[in-house]
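Remarks on the structure that follows.
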């Protein structure tokens, strides 16, 4: 075995000098959340770095809904799931149809619609929240899941259309032409040629929309207020309403809430990094 | 087309359906769902909001509200200082993560966690860490120095700094990832040639890395600034705008007015941000639709 030279050791040490702070910086808030989830209340509030008696009791309380703040945990979990799934499906449907129309069918005015969508994408969502809240009131949708679903579809679609349009443009035109020669109708081209080829981008965009909806706090908290209508992040925010909030339960619920998106993210990372970063910034 | 436009009715224009190919008809049908969503949930709310904010008295009221001025300044600090620090760190870390090492590869998988997990529980986690009585940071300060730690979130400057820190924690992985992509696109033989010529790391950065990345870097910085204008969570969940409404930014201020039932003020505060947002958006669109 060859001993590393002094220079190699120095380089490695320098890299570690960056890597260790990066690791700590990244992990501390997440570890802190985990620590609370496995600590009994006394340990959590005493500032220990590891509890004397680690326990899963907090999870038991959450899963059995044994606390005032948690009495609708399953309903809220289900609300989050349902809304995220609906946003994923609707966004995929709307954005794929629009991207196909603009990129493959070259619909008149498509370029303008794309620019409008891009414009919406750049306007910060928090600015649209105020008029959106009022609009949903006018439509009579406040406190109805559809308000949040439609709002999130509105926010997710522009980016989805844009990424899917970019991906569509890369598919060779000859494929469509060949299909037309064989007598395929437009819908058959869409279903049999276009959709299968677009699968990787569709997975990325579907994941993007689902995560966006699952993680959304601001719109959910404006549009839904009834305890049995709200999603999990709003329920987490509601914990803060009391002065003596059960922080260990808040963190446990937060930990459970954070697991599905993290798992989805890592499962689809391959698609996410390729599909989304390529669209996010074209240099 | 010219004939119909001139108003000559003696030659009727062909009916719409015969002028369009079936593919174009399908194009319009498939585009319709998005157009409906756009009209119902973007055009209508924006027009309605502008109409609500039309009275000049709203802007006088905003001008006289010290919280608005403070929020505008906070937003500028957030954008100009916060984002530039974040992007510089991202640029630096992109160089670190571009190193070929197994442990750095694993670290990059962990590094992406803040981006992958929802922001609410992690921001609340930071909030509790900073709790002056029970938070772990105050406990650590007490056990090392015997003094009570500062009351972090009760000082507007510190609280805003912490909110910027939370924002950086959350979005640093995303921008680093994008800058890594940019860095890996640089031809490797350029660095090898520079190595042969005995260039220092600074010369390599100055004459190879930076020239190939500067467009991407500026684009990312602008994009991050636009998006950060809408970063509601970092401020709202950490400080709630407090103490004494001194740490609001424009996105939380709008919601604050909304909660106080001052909808027209909420809209007016957003309209006031538009002179800053629209040029940035215009510039970004120019860049991206080249």
Number of positions in region A:119-151 that are more than 19 Å from the chain's Cα centre (by Cα) and over 21 Å from residue B:236 (Cα atoms)
11
Check region A:60-73 and report whether any residue there is surrounded by 13 or more Cβ atoms within 10 Å (Cβ to Cβ), on the phi > 0 side of the Ramachandran plot and more than 11 Å from chain B (Cβ to nearest Cβ).
yes
With the requirement that a residue be assigned to a loop (DSSP other than H, G, I, E, B) and buried (at least 22 other Cβ atoms within 10 Å of the Cβ), what does region A:208-223 give you?
A:216
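Quick grid of which residues meet (1) at the interface with another protein chain (Cβ under 8 Å from one of its Cβ atoms); (2) in contact (Cβ under 8 Å) with a residue 12 or more places away in the chain; (3) surrounded by fewer than 19 Cβ atoms within 10 Å (Cβ to Cβ); (4) within 25 Å of residue A:112 (Cα to Cα):
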| site | (1), (2), (3), (4) |
| --- | --- |
| B:203 | no, no, yes, no |
| B:229 | yes, yes, no, no |
| B:249 | no, yes, no, no |
| B:256 | no, yes, no, no |
| B:269 | no, yes, no, no |
| B:274 | no, no, yes, yes |
| B:277 | yes, yes, no, yes |
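Residue-by-condition table, conditions (1) more than 7 Å from every other protein chain (Cβ to nearest Cβ); (2) surrounded by fewer than 15 Cβ atoms within 10 Å (Cβ to Cβ):
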position: A:82; (1), (2): yes, yes
position: A:90; (1), (2): yes, no
position: A:105; (1), (2): no, no
position: A:119; (1), (2): no, no
position: A:124; (1), (2): no, no
position: A:141; (1), (2): yes, no
position: A:144; (1), (2): yes, no
Just checking, does region B:209-225 include any residue being touching a residue at least 12 places away in the same chain (Cβ under 8 Å), more than 9 Å from chain A (Cβ to nearest Cβ), assigned to a helix (DSSP H, G or I) and loosely packed, with under 12 Cβ neighbours inside 10 Å?
no
Within region B:258-267, count every residue that is outside any loop (DSSP other than H, G, I, E, B), more than 8 Å from chain A (Cβ to nearest Cβ) and farther than 13 Å from residue B:61 by Cβ.
1
(1) at pLDDT 90 or above; (2) more than 12 Å from chain A (Cβ to nearest Cβ) all hold for residue B:93 apart from (2)
Restricting attention to region B:92-129, which residues are touching a residue at least 60 places away in the same chain (Cβ under 8 Å) and more than 23 Å from residue B:217 (Cα to Cα)?
B:119, B:120, B:123, B:124, B:126, B:127
Of residues in region B:136-161 being over 25 Å from residue A:51 (Cβ atoms) and free of Cβ contacts under 8 Å to residues at least 12 places away in the same chain, the one farthest from the other protein chains (Cβ to nearest Cβ)
B:157
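The values are calculated or read from the model by the stated rules, or taken from the named source; none is laboratory data. Quick caveat: nothing in here was measured; it's all calculated off a predicted structure. Reconstructed Cβ throughout: ideal geometry from the backbone, glycine too, with neighbour counts over all protein chains shown.
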